[in-house]
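The values are calculated or read from the model by the stated rules, or taken from the named source; none is laboratory data. Being a predicted model, the structure only gives us computed values, none of them experimental. In this analysis, Cβ positions are derived from the backbone assuming ideal geometry, glycine residues included, and neighbour counts consider all displayed protein chains.
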Amino acid sequence: MLIDILQRTPHWVWFLLAGLVSLGVSQSKPQHRTLRAATVMPVAMAALSFYGVVSVFAAQPTALVAWAAAMLAAFTICHASGIGGKVRWLADEQRLLVPGSWVPLLLMLGLFIIKFGANVMLAMHPDLSIDGLFAVSVSLAYGAFSGVFLARGLAMWRTARGSEPSSMAY
């Protein structure tokens, strides 16, 4: 059965996985990043997870509520725990110094695995798209990952904005 699933998976999915792994591995090393580059990925990942919920579970309003609740909870927990606290703003270069971390790779792979698994389940059992428990479970997972990504992006944005001198200062 597993071999059948892997063989029926479109080739583009494996290219996407390879791209995510490459991007995640590259983030294991310290990087100088523009503020835009550092915040686009978290927003894009959250938007894609939101789209995943809306596109599959549109008839399930509880799925959207679950996504939002999990996103807000994960965002709040990560923000309170100081996620992104080691990021530094390099004012001379107008860039962030982002320390290397394997966490982005783990987050991307986790989201990929959940999305892949959910899509396999939906392909095998299309009736799951109207199953409330399945919709809420998947949406909670998508939302939690989105909250972590968004908290990390906000931390970078706040680091950059908090380090810039105010234009009102004399």
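Conditions tested, residue by residue: (1) part of a helix (DSSP H, G or I); (2) at pLDDT below 95; (3) closer than 26 Å to A37 by Cβ.
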position	(1), (2), (3)
M108	yes, yes, yes
F112	yes, yes, yes
A123	yes, yes, no
L140	yes, no, no
M156	yes, yes, yes
T159	yes, yes, yes
A169	no, yes, no
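Tell me which residues, restricted to segment 70-90, are assigned to a helix (DSSP H, G or I), touching a Leu at 6+ places or on another chain (Cβ under 8 Å) and over 12 Å from F145 (Cα atoms).
Within segment 70-90, the subset assigned to a helix (DSSP H, G or I) is 70-80.
Checking which are touching a Leu at 6+ places or on another chain (Cβ under 8 Å) leaves us with 70-71, 75, 79.
Matches in segment 70-90: H79 only.
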Condition first: touching a helix residue (DSSP H, G or I) at 6+ places or on another chain (Cβ under 8 Å), of a type outside the set (S, T, N, Q), surrounded by 11 or more Cβ atoms within 10 Å (Cβ to Cβ) and under 16 Å from N119 (Cβ atoms). Can you find one or more residues in segment 26-48 that meet it?
no
Which condition number does R95 fail, the rest of (1) within 21 Å of A59 (Cβ to Cβ); (2) surrounded by 17 or more Cβ atoms within 10 Å (Cβ to Cβ) being met?
(1)
Mind checking whether some residue in segment 1-9 is at pLDDT below 95, in a helix (DSSP H, G or I), exposed (fewer than 15 other Cβ atoms within 10 Å of the Cβ) and of a type in the set (D, E)?
yes
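How many residues does segment 49-61 hold that are part of a helix (DSSP H, G or I), of a type in the set (S, T, N, Q) and surrounded by 14 or more Cβ atoms within 10 Å (Cβ to Cβ)? First the steps, then the outcome.
Just the residues of segment 49-61 that are part of a helix (DSSP H, G or I), to begin with: 49-56, 61.
Imposing the further condition that a residue be of a type in the set (S, T, N, Q) reduces the set to 49, 55.
Subset that is surrounded by 14 or more Cβ atoms within 10 Å (Cβ to Cβ): 49.
Counting residues in segment 49-61 that are part of a helix (DSSP H, G or I), of a type in the set (S, T, N, Q) and surrounded by 14 or more Cβ atoms within 10 Å (Cβ to Cβ) gives 1.
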Regarding segment 74-93, can at least one residue be identified that is of a type outside the set (K, R), under 26 Å from D131 (Cβ atoms) and modelled with pLDDT of 90 or more?
yes
Select from segment 10-29 the residues that are assigned to a loop (DSSP other than H, G, I, E, B) and over 22 Å from the mean Cα position of the chain (by Cα) and list them in ascending order.
P10
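Picking from M108, M121, which residue would you name as being more than 18 Å from L72 (Cα to Cα) and free of Cβ contacts under 8 Å to residues at least 60 places away in the same chain?
Details: M108 fails: free of Cβ contacts under 8 Å to residues at least 60 places away in the same chain.
Checking each option against the conditions leaves just M121.
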